[in-house]
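The values are calculated or read from the model by the stated rules, or taken from the named source; none is laboratory data. Worth saying up front: this structure is predicted, and the values here are computed from it rather than measured. Glycine also receives a Cβ, built like all others from the backbone with ideal geometry; neighbour counts cover every protein chain displayed.
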């Protein structure tokens, strides 16, 4: 049959040449096998290839044109070809380049009904400068994402706190996205299939979050044979394997472990810092969606940090700080697509452990969740679809506190140390529905949604209506609008009656956005989004009488201490009495100019963003900047191939300095024989602007047994001194800045079978 393809092409060309028809084939660049189902587009006209990789395209004109081709499992390609000749387009398999499948960072699909997407595909994600070969760290280069000091883990989207956003992997909620210090994410890039980011305005199928949403999907295993690969870098080593499994299914598994602790432990330092992390993944998948696809997976992550200080007296005990954060999830998923109906269900459980202690005293938290997510979708061809589902969560929370309990209303802080603990049981239940109704084809699509939640910890019901509208003004101009209500349940560490705030209720946010996307020639795209949101019933400290500066690390002090408190709040809480009286406002404008296709990739993104908060109204009469309020953010990024084996990339980042509360003066405390500060206006000063240059170089060697890739990703290549915090001398007459990370190289070698 393949031998007849050239003959058929000649016949097709000779019989339809006068009608302005172009013929060609799309093949695999490695095996030369034909690719069926590929999409080929020229000047707005597109078609698909048949089972033999052949296509016929109705197009008129002469000369050289840009031809775009894409197929599942292959890298998109733009090539210049001359009309009037038989075209042969060769696509490179994703596996031959990155060992994985399509990696996408996107807003909620379909794009015509949601805010403009920010998408990254294939190898493009993993070669971004500043990412350290980690696809999930590419999220930090997108507009609307606040910069976190020192590159620490945490995702603050469109003015929301890091604890306000949710992350899901294959329908299973993930408690922590990044390892300690943000050196790596919890899941290796080579095992990801897709990655979707909704900075705000996500659909009714998700809840219990008033910020943004990150939805990850793991990829299926290649089942023709077993493959073993891995990666070694300066900070960790990982191994990956995939292959056939019983029943015609496939296995994927991976494990990664850092060794920074071994390097630091061998160094002759008086202050011994011993951080280490590991993660592991296992997945079994069998079947296909048309007949029912089953998958079972387990994944886990662990972080440990030990900080030991030396003592001049060798007989005296040494101060010791211990931090542990780990979780494991085990789940099963069933997906069935029968004609226009799709059923998807995921059942999962696991354990979260978080502990922090200093010289044996501290806090420990354990969470044992059990979740069930199920949805049913019915499509009506060109007439839209309707979907609905259940989202159930049961959990057992336990807390242990050794040492002094914090103050409570009308009660002084305990002066005697002891062991305190408590256990809470919770059952959350939600039902949702969503309708997608197109008008005039796909030129106008309305998507209303409704979600009802019952939060067990606070014993309350909420109802969240949501609406998004999309307009295709032309083929290349899309306008979207969205508005919705989002509720977030109280954190169990805040609600615990032993040392928390038993009267807290769920917080809520109203999110709105308007976006315009314009697609231009040669893969250029301009996307703009204006957004705004109001937040109510935020938990706010209503008891502490400490001044902002004296209470270092409080939210009112600002700077790196306050941001560290925000990042740790979801795991530990502040263990101070709070009430649901806080409010917040956030608004901004995002602009992204991007080249989407071709031999090089890059974008220029600018964000104007404001985020304000007001805590206890008895003490704060006006809104103050949020600790991660950064009015101006700019990212310029480009990655260019140099020949067939080399690639060079660079990223420039600019961000306004984070706010902090300055010291207006000082006085001498005769009783304690030391100077004490007088606070200036709350959060009225800012750190100097953050500017950083990242440079990356990649080199690959392709052999019959696989691909070797060497990458050198240098962050802060100019070694610029960026300020991340403020410190003062003993009498507060001199101010200095805490320096951010110096030049930080990430060097690694990856093997892809």
Out of all the residues in the range 688-709, is one or more surrounded by fewer than 18 Cβ atoms within 10 Å (Cβ to Cβ), in contact with a strand residue (DSSP E or B) (Cβ under 6 Å, 6 or more places away or on another chain) and within 26 Å of residue 155 (Cβ to Cβ)? yes
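May I ask you to verify whether residue 81 is within 30 Å of residue 206 (Cβ to Cβ) and either at pLDDT below 75 or part of a strand (DSSP E or B) (or both)?
Values: within 30 Å of residue 206 (Cβ to Cβ): no; either at pLDDT below 75 or part of a strand (DSSP E or B) (or both): yes.
Against the criterion (within 30 Å of residue 206 (Cβ to Cβ) and either at pLDDT below 75 or part of a strand (DSSP E or B) (or both)), residue 81 does not qualify.
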Any idea which of (1) at pLDDT below 65; (2) within 34 Å of the chain's Cα centre (by Cα) is the one residue 20 doesn't satisfy? (2)
Looking at the range 727-740 only, could you name the residues that are out of contact with any strand residue (DSSP E or B) (no Cβ under 6 Å at 6 or more places or on another chain) and either surrounded by 17 or more Cβ atoms within 10 Å (Cβ to Cβ) or farther than 22 Å from residue 694 by Cα (or both)? 729, 730, 733, 734
Give the residues of the range 373-403 that are surrounded by 15 or more Cβ atoms within 10 Å (Cβ to Cβ) and under 17 Å from residue 331 (Cα atoms), sorted by residue number. 373, 374, 375, 391, 392, 393, 394, 395
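For (1) touching a strand residue (DSSP E or B) at 6+ places or on another chain (Cβ under 6 Å); (2) at pLDDT 65 or above; (3) under 22 Å from residue 194 (Cβ atoms), each residue gets a yes or a no:
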{"site": "35", "(1), (2), (3)": "yes, yes, yes"}
{"site": "51", "(1), (2), (3)": "no, yes, no"}
{"site": "64", "(1), (2), (3)": "yes, yes, no"}
{"site": "97", "(1), (2), (3)": "no, no, yes"}
{"site": "104", "(1), (2), (3)": "yes, no, yes"}
{"site": "113", "(1), (2), (3)": "yes, no, yes"}
{"site": "117", "(1), (2), (3)": "no, no, yes"}
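What do you reckon, is residue 682 in a loop (DSSP other than H, G, I, E, B), in the same structural domain as residue 642 (by TED's automatic domain parsing) and touching a helix residue (DSSP H, G or I) at 6+ places or on another chain (Cβ under 7 Å)?
Working: in a loop (DSSP other than H, G, I, E, B): yes; in the same structural domain as residue 642 (by TED's automatic domain parsing): yes; touching a helix residue (DSSP H, G or I) at 6+ places or on another chain (Cβ under 7 Å): no.
For residue 682, the condition - in a loop (DSSP other than H, G, I, E, B), in the same structural domain as residue 642 (by TED's automatic domain parsing) and touching a helix residue (DSSP H, G or I) at 6+ places or on another chain (Cβ under 7 Å) - is not met.
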Yes or no: the range 659-667 includes at least one residue that is buried (at least 19 other Cβ atoms within 10 Å of the Cβ), in a strand (DSSP E or B) and touching a helix residue (DSSP H, G or I) at 6+ places or on another chain (Cβ under 6 Å). yes
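Can you confirm whether residue 634 is under 30 Å from residue 230 (Cα atoms) and assigned to a strand (DSSP E or B)?
Judged against the criteria, residue 634 is not a match.
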Does residue 307 satisfy the condition of being modelled with pLDDT under 90, over 26 Å from residue 281 (Cβ atoms), part of a strand (DSSP E or B) and in contact with a strand residue (DSSP E or B) (Cβ under 7 Å, 6 or more places away or on another chain)? yes
Any chance the range 493-513 includes a residue that's at pLDDT 90 or above, closer than 30 Å to residue 382 by Cβ, exposed (fewer than 15 other Cβ atoms within 10 Å of the Cβ) and in the same structural domain as residue 367 (by TED's automatic domain parsing)? no
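Hey, can you tell me all the residues within the range 589-616 that are closer than 23 Å to residue 628 by Cβ and at pLDDT below 80?
Initial filter on the range 589-616 (closer than 23 Å to residue 628 by Cβ): 589-592, 603-616.
Passing the criteria: only 616.
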